[in-house]
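Below is one structure, written out as structure tokens; the observations come after it.
The values are calculated or read from the model by the stated rules, or taken from the named source; none is laboratory data. Please read all numbers here as calculations on a predicted model, not as lab measurements. Here the Cβ is made from the backbone with ideal geometry for all residues, glycine too, and neighbour counts use every protein chain on show.
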């Protein structure tokens, strides 16, 4: 068995552009999902009544539908339904954000629920407003406790961006498939792809773990 | 815009086959993954810190 890594070396710029796209899509998805997830999680934790039903439906349906199906639907079905045809990158961003945000909202809700209600009652008794209680008492502890779960979500998000290859977003997996198909060297190309994903994800997840170890004491009460 | 939902009914056989394969894959995956996961967990919990402990812990972190 002979290995030939020259297709990878010859096309490293092409692969690097894919990696950049993967990182950009991941960063945008994480940012969007954290914003939407916090909004949904806070709304569900501090239930204003009428919002509960639609938000619960949103979270439960996102947990019950594969991200691939959401992605394909956003790219192929949404334009027919609304007349709004999103470019592949934006379709992937919308679908991944909607999907990941549901999981983020559950993490946020669990983090908030983990702070003992006695603390909220004590803060209210001291004359703080509800917004102050959330901002100064509950969230500072809850966010620290959410960190390990956020680490998992971060790695899941980066891995899920590879699914965007099915709608031809030129990310790492798509570029690898193109090189592999043109060079007839799938073993070498996809092995390098695995290695690149590993080199991106392993430090990212270990970094979040290390950060948590440093700040975990701030979440105890 | 008019939609034609009859395609879903027309190809119900194929869709049903897909559902069966999905369920089968899920059951088989869980049958293998749960015992394998329990084995890895037991190895990682082990008090014996041999040469095998490190690669095992980092490999499970890799697939997280």
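Those helices (runs of 4 or more DSSP H) of the stretch A:11-117 in which 3 or more residues are in contact with a helix residue (DSSP H, G or I) (Cβ under 8 Å, 6 or more places away or on another chain) and over 19 Å from residue A:143 (Cα atoms) occupy A:12-45, A:52-64, A:67-72, A:88-113.
The combined condition, being more than 14 Å from chain B (Cβ to nearest Cβ), within 27 Å of the chain's Cα centre (by Cα) and without any contact (Cβ under 8 Å) to a residue 60 or more places away in the chain, is fulfilled by residue A:213. For the stretch B:44-56, the count of residues that are within 28 Å of residue A:195 (Cα to Cα), within 14 Å of chain A (Cβ to nearest Cβ) and modelled with pLDDT under 95 is at least one. Taken together, the criteria place residue A:203 among residues that are within 14 Å of chain B (Cβ to nearest Cβ), free of Cβ contacts under 8 Å to residues at least 60 places away in the same chain and under 18 Å from the mean Cα position of the chain (by Cα).
Conditions tested, residue by residue: (1) crowded, with 19+ Cβ neighbours inside 10 Å; (2) modelled with pLDDT under 95.
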position: A:125; (1), (2): no, no
position: A:131; (1), (2): no, yes
position: A:148; (1), (2): no, yes
position: A:159; (1), (2): no, no
position: A:163; (1), (2): yes, no
position: A:183; (1), (2): no, yes
position: A:199; (1), (2): no, no
position: A:215; (1), (2): no, yes
position: A:219; (1), (2): no, yes
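Residues checked against (1) under 15 Å from residue A:100 (Cα atoms); (2) within 14 Å of another protein chain (Cβ to nearest Cβ); (3) within 19 Å of the chain's Cα centre (by Cα); (4) touching a residue at least 24 places away in the same chain (Cβ under 8 Å):
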position: A:41; (1), (2), (3), (4): yes, no, yes, yes
position: A:48; (1), (2), (3), (4): no, no, no, no
position: A:52; (1), (2), (3), (4): no, no, no, no
position: A:59; (1), (2), (3), (4): yes, no, yes, yes
position: A:63; (1), (2), (3), (4): yes, no, yes, yes
position: A:70; (1), (2), (3), (4): yes, no, yes, yes
position: A:78; (1), (2), (3), (4): no, yes, no, no
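Within the stretch A:168-200, the set of residues being at positive phi and either touching a helix residue (DSSP H, G or I) at 6+ places or on another chain (Cβ under 8 Å) or within 14 Å of chain B (Cβ to nearest Cβ) (or both) comprises just one member, A:168.
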